[in-house]
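The values are calculated or read from the model by the stated rules, or taken from the named source; none is laboratory data. Just so you know, these numbers come straight off a predicted model, no measurement behind them. Every residue, glycine as well, gets a Cβ built from its backbone with ideal geometry; the counts of neighbours run over all protein chains shown. Ligands, DNA and RNA are stripped out before the accessible areas are found, and what is left, the full protein with its side chains, is counted by its heavy atoms. Shrake-Rupley method; radii C 1.70, N 1.55, O 1.52, S 1.80 Å.
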Amino acid sequence: MSDKPADAPALRAKLLRAKPADFGLAATPELPRVWGAMMEMRIGAADVSLVVVAEGSTSLYFSTGGGVIGGGEHESVRAANRKLLGVIEKLFPELHALAKAALAGYKRPHWIEFVSELPKTSTGKIQRFKLRGR
């Protein structure tokens, strides 16, 4: 257990900046695009962040303080981790259909592309023009 409150924006930013290689990971037949996930939810007065990584790391962070780090050391947690990442992998093809049904035409993405790294400036801002030029 950790006594330090979770900083969800910092945790989210760290995970989004990470690359699969940072965790010693590569694409697999089961997970060709997904290597990690972060799910945020509110439970009572706390914001709770669940972080799972394909090598088995699974942690739960509470904004009110504390958390469970290293849950992936337990086989039942590792199995749930693999199941969650597998579900996310399978749902990827549905993203575009969901956006089409739920969003006005001008708000919908015209394409969905998965990249291992986002082009950034020296100050860390995403260079959107490079993404559009692909």
From the option list E40, E30, single residue qualifying as closer than 24 Å to E117 by Cβ, touching a Gly at 6+ places or on another chain (Cβ under 9 Å) and open to solvent by 50 Å² or more (accessible area, probe 1.4 Å) is E30
Among (1) within 29 Å of T123 (Cβ to Cβ); (2) free of Cβ contacts under 8 Å to residues at least 40 places away in the same chain; (3) assigned to a helix (DSSP H, G or I), the one test that L11 misses | (2)
Filter segment 7-23 down to residues that are open to solvent by less than 70 Å² (accessible area, probe 1.4 Å) and more than 11 Å from the chain's Cα centre (by Cα) and give me whichever is nearest to N81 (Cα to Cα).
-> P20
Among residues of segment 24-34 being under 20 Å from V87 (Cβ atoms) and free of Cβ contacts under 8 Å to residues at least 24 places away in the same chain, the residue nearest to the chain's Cα centre (by Cα) is A27
